Amino acid sequence: MAYQQAHENGRFVLWNDRMTLREHTPGDAAVVADGKPGDLDWIDGVPGDASIGAAAMTARAAAAGCYRSPWGFYAILRAEDDVAVGSIGFHGPPAPGEGEVEVGYDLSHSARGAGWATGALGLLMEWAAEQSEIHTVIATTEPWNIPSQRVLLRADFTRTADRGDLYVYERGATRD
């Protein structure tokens, strides 16, 4: 699946025929962290709890001077109408010399079961594969969250470990 990328209005954006991943700036993230929709039309009216948590993480990173675009939090927008169906993103930039990033994602309740998380993770992984500073992408999920585990397996992640009450999945970032 081919994707395109650009910077629009100070935000990094990735898109394909089905969806757009629009980066939240630290200012955008601060609004979403308060549970508000910001300038987006969310499918369920407001962002989901995990999207709010990811936005708070981005806002805290920016306040601490650690935020580095494009290694943040993105809204998942349907291409047909720009409605936000969830979020996806990185838990921060790769540490210098370590080459590893962690991803997370969240879908609004009304958007679940339609392939949005799988598609967004695939799109983000296409971009990640072209970034020379990373070699491994990890994700964690709760043992009870079978739908999330299925998303990771469809995106070619492999369960590699347990971290407390979480399953750890990993995928190498490959380049052509």
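Within the stretch 113-155, the chymotrypsin sites (Phe, Trp or Tyr not before Pro) that combine a DSSP coil assignment with at most 15 other C-beta atoms in a 10 angstrom radius are Trp144. Phi angles of the stretch 6-11 translate, via the Karplus equation with coefficients 6.51, -1.76, 1.60 and θ = phi - 60°, into HN-Hα couplings of 6, 10, 10, 6, x, 10 Hz per residue; Gly and Pro are given as x. Using 0.36 nm per residue and subtracting the Cα-Cα separation, the extra length available between Ile146 and Glu100 on full extension is 14.1 nm.
Between Pro47, Pro26, Pro147, where does the largest GNM mean-square fluctuation fall for the chain, given springs only between Cα atoms within less than 10 Å? Result for the chain, Cα springs under 10 Å: Pro147 fluctuates most. Shown for the chain are the DSSP H helices of 15 Å or more along their axis, judged by Cα atoms, with a mean Kyte-Doolittle hydropathy of at least 0.5: 49-63, 116-128. The 3J(HN,Hα) values that the Karplus relation (6.51, -1.76, 1.60; θ = phi - 60°) gives for the stretch 156-162 are, in residue order, 6, 7, 10, 5, 10, 6, 10 Hz. Gly and Pro appear as x. Estimated from the Cβ-Cβ distance and a Förster radius of 22 angstrom, the FRET efficiency linking Ala129 and Asp17 is about 0.70.
If I model the stretch 57-176 as equal point scatterers sitting on the Cα atoms and use the Debye formula, what is log10 I(q)/I(0) at q = 0.11, 0.17, 0.18 Å⁻¹? Taken in order of the listed q values, log10 I(q)/I(0) reads -0.37, -0.91, -1.01. Among the trypsin sites (Lys or Arg not before Pro) within the stretch 76-176, those in coil by DSSP and having at most 15 neighbouring Cβ atoms inside 10 Å are Arg112, Arg175. Projecting the Cα positions of Ile43, Tyr74, Gly115 onto the charge dipole of the stretch 4-172 (unit charges on Cβ atoms of Lys, Arg, Asp and Glu, taken about the Cα centre) puts Gly115 furthest along the positive direction. Each residue, Glu8 and Arg163, gets one label point 7 Å from its Cα in the Cβ direction; the gap between the two is 3.2 nm. Within the listed set Ser132, Ser108, Ser69, the residue fluctuating most in the Gaussian network model of the chain (springs between alpha-carbon atoms under 10 angstrom) is Ser132.
Read-outs throughout are calculated quantities, based only on the coordinates presented, and are distinct from any laboratory measurement. Because the structure is predicted, anything quoted here is derived from the model rather than measured. Backbone-built Cβ (ideal geometry, glycine too); neighbour counts: all protein chains shown.
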